[in-house]
Amino acid sequence: MFDLERITRENIKGLVPYSSARDEFSGEAKVFLDANENSLGSPLPKWYNRYPDPHQLKVKEAISTIKGIASEHIFLGNGSDECIDLLFRCFCEPKIDNVVICPPTYGMYGVSANINNVEVRKAPLTEDFQLDLTHLENLVDAQTRIVWICSPNNPTGNCFNRTDIEAVLNNFNGIVVIDEAYINFARQKSFIQDLADYPNLVVMQTFSKAWGLAALRLGMAFASVSIIDVLNKVKPPYNINQVSQELALRALEEVGQVNDMIREIVDMRNALSEVFERIPTVEKVYPSDANFILVKIKEARMVYDFLLTKGIVVRDRSNVRLCEDCLRITVGTEKENTMLIDAIGDWLSGKQLEDLTVV
């Protein structure tokens, strides 16, 4: 049985959160003389001299309408990285508790764990990039607080079997975080609508991928009201700046445009995969549910370095277990994808000339 009280750190339970000036009144006001702001304005539009809404209520209401989940189940972070860090700070006691990750996976889970001095236990994926439930189960003990699951996964690009994720949710008494940064590009449905069934579930999403707003640094976490309350207790009072809130609200009015972009990216992803499958030195193009593809190619590091000479940057994942000789390639614009394929063609031509020279 999941018990949030049991896994919340003792110092967090007794924490009296910082009360900002904007927290101490409710309703409308005409004159704000409570937060020591510069009342004369700024070199920028006048409203930037005021602190932003610490609760991001308008943004959460807009997200609530789109996602079909009540706003009190929504937490906004300064990027998903803040959500990750806060989960460690709220629920993992340094030097005592541990978490489980499933590599290859997003690197910030491990980085944040190390920053917070929390032990990381690894349950590597199977050869077909799925969860190894037996290994995962054997790692869990009384001090395991969080299991981190990235689905669709980065860098492999695939979704995990839904029944396997449900098995973890049903059998683990700590928090299960499902990072759905790439879910908009996948056919698998989000776990957001399952929050009522799993009190230990936290779902993370982001504005950086499908919404195309990576520069805003705006991440979303969806969870029970109890978990959201703990996160709000610990977060900085004004963690989401005014500009990010304004631009997010404008973007949230353009759902149709975002859906069009998602469809276009998926179409280009499929086309790019088909092209790479025809390249002689490509050993495998892994199925993708994200906005990138993972390609196993001979001499991956040399290909990576050659692409750099052409001004094209991809991600070399060759040093990651299960991703040896693999490049992770983001789906670009049609022009960028063409430049990439042309550069690969140049690489192949050069290799053929080298072979002839050797002969």
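The values are calculated or read from the model by the stated rules, or taken from the named source; none is laboratory data. Because the structure is predicted, anything quoted here is derived from the model rather than measured. In this analysis, Cβ positions are derived from the backbone assuming ideal geometry, glycine residues included, and neighbour counts consider all displayed protein chains.
General remarks:
- Condition met for Ala62 (touching a helix residue (DSSP H, G or I) at 6+ places or on another chain (Cβ under 9 Å), surrounded by fewer than 20 Cβ atoms within 10 Å (Cβ to Cβ), in the same structural domain as Phe222 (by TED's automatic domain parsing) and in contact (Cβ under 8 Å) with a residue 60 or more places away in the chain): yes
- All positions within the stretch 199-219 that are touching a helix residue (DSSP H, G or I) at 6+ places or on another chain (Cβ under 7 Å) and either free of Cβ contacts under 8 Å to residues at least 40 places away in the same chain or not in a loop (DSSP other than H, G, I, E, B) (or both): Leu201, Val202, Val203, Met204, Gln205, Thr206, Leu213, Leu216, Gly219
- Selection within the stretch 254-283 - more than 21 Å from Gly332 (Cβ to Cβ) and either in contact with a His (Cβ under 7 Å, 6 or more places away or on another chain) or touching a residue at least 12 places away in the same chain (Cβ under 8 Å) (or both): Val255, Pro280, Glu283
- Near pairs, Cβ below 6 angstrom, 6+ apart or cross-chain, from the stretch 164-181 (touching a residue at least 60 places away in the same chain (Cβ under 8 Å) and farther than 15 Å from Asp3 by Cβ) to any residue that is part of a strand (DSSP E or B) and among the hydroxyl-bearing types (Ser, Thr, Tyr): Ala181/Thr206
- One residue from Val100, Val111 being buried (at least 20 other Cβ atoms within 10 Å of the Cβ) and β-branched (Val, Ile, Thr): Val100
- Lone unmet requirement of (1) in contact with a helix residue (DSSP H, G or I) (Cβ under 8 Å, 6 or more places away or on another chain); (2) farther than 30 Å from Arg22 by Cα; (3) among the aromatic types (Phe, Trp, Tyr) for Tyr106: (1)
- Of the residues examined, Tyr18 is not one that is of a type in the set (Ser, Thr, Tyr), in a helix (DSSP H, G or I) and either over 19 Å from Ala223 (Cβ atoms) or at pLDDT below 90 (or both).
- Asn117, sole failed condition from (1) crowded, with 17+ Cβ neighbours inside 10 Å; (2) touching a Lys or Arg at 6+ places or on another chain (Cβ under 6 Å): (1)
- Those residues of the stretch 225-276 which are in contact with a strand residue (DSSP E or B) (Cβ under 8 Å, 6 or more places away or on another chain) and either of a type in the set (Phe, Trp, Tyr) or under 23 Å from Ser19 (Cα atoms) (or both), in sequence order: Ile227, Ile228, Leu231, Asn232, Lys235, Asn239, Ile240, Phe276
- Only one of the numbered conditions (1) surrounded by fewer than 23 Cβ atoms within 10 Å (Cβ to Cβ); (2) closer than 18 Å to Val255 by Cα is not met by Gln205, and that is (1).
- Filter result for Asp53 (surrounded by fewer than 16 Cβ atoms within 10 Å (Cβ to Cβ), under 21 Å from Ala221 (Cα atoms) and not hydrophobic (A, V, I, L, M, F, W, C)): yes
- Residues in the stretch 198-229 that are within 19 Å of Cys90 (Cβ to Cβ) and of a type in the set (Ser, Thr, Tyr): Tyr198, Ser224, Ser226.
- Condition met for Gly68 (under 29 Å from Ser273 (Cβ atoms), surrounded by fewer than 22 Cβ atoms within 10 Å (Cβ to Cβ) and small (Gly, Ala, Ser)): no
- The requirement of being within 27 Å of the chain's Cα centre (by Cα), basic (Lys, Arg), at pLDDT below 95 and outside the structural domain of Trp211 (by TED's automatic domain parsing) is satisfied by Arg321.
- Where Gly41 falls short, out of the listed (1) in contact with a Phe, Trp or Tyr (Cβ under 6 Å, 6 or more places away or on another chain); (2) outside the structural domain of Gln193 (by TED's automatic domain parsing): (1)
Results for (1) closer than 23 Å to Cys159 by Cβ; (2) touching a helix residue (DSSP H, G or I) at 6+ places or on another chain (Cβ under 7 Å); (3) in the same structural domain as Gln188 (by TED's automatic domain parsing), shown as yes or no for each residue.
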site: Val285; (1), (2), (3): yes, yes, no
site: Asp289; (1), (2), (3): yes, yes, no
site: Phe292; (1), (2), (3): yes, no, no
site: Lys296; (1), (2), (3): yes, no, no
site: Leu308; (1), (2), (3): no, no, no
site: Val314; (1), (2), (3): yes, yes, no
site: Thr330; (1), (2), (3): yes, no, no
site: Leu340; (1), (2), (3): no, no, no
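- Of all residues in the stretch 120-159, those being surrounded by fewer than 24 Cβ atoms within 10 Å (Cβ to Cβ) and either modelled with pLDDT under 95 or hydroxyl-bearing (Ser, Thr, Tyr) (or both) number 3.
- Only residues that are under 17 Å from the mean Cα position of the chain (by Cα) and either in a helix (DSSP H, G or I) or not β-branched (Val, Ile, Thr) (or both) were counted across the stretch 273-297, and they come to 5.
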